[in-house]
């Protein structure tokens, strides 16, 4: 009988310890993911560093959004209307919640290429501290280290 009670206590204790460790690991993993994830940096890998040198430029960004615009402009009139804008929202997950009104500077209900392509990219607002339209991996690391230092 003692042996059964001891075995049961051992199983319950081991199960509790395993559950506590798993819970702690899940919480730590979730926290570290939340702290280290930058959607703009992840997104930059879609449109930038085309030469694989660790440099992201405004030229690369503008080429990418020009391509999105051209693909969306199905009737080739040089404008993207609300219906055509849906294809931009579907083509790139960073635009999935975008509102055409954000880009429509003159409020005519459609976008010219310039209205869409010349909107600032939040990636450059975050990382291009020198205003050169060129962001290197060193600048990204400096920004990450600066953010980490403030968080301590």
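Derivation of every value follows stated rules applied to the coordinates shown; laboratory data play no part. None of these values were measured; they are calculated from a predicted model. Glycine gets a Cβ as well: all are built from the backbone with ideal geometry, and neighbour counts include every protein chain shown.
For residue 92 and residue 145, a Förster radius of 30 Å and the Cβ-Cβ distance give a FRET efficiency of 0.55, rounded to the nearest 0.05. For the range 106-152, the fraction of C-alpha pairs farther apart than 18 angstrom is 47 percent. For the range 38-152, the convex hull spanned by the alpha carbon atoms encloses 115 Å³ per residue.
What FRET efficiency comes out for the pair residue 108/residue 133, r = Cβ-Cβ distance, R0 = 35 Å, nearest 0.05? The value I calculate is 0.80. The residue 119 and residue 52 beta-carbon pair, evaluated with R₀ = 25 Å, returns a calculated FRET efficiency of approximately 0.45.
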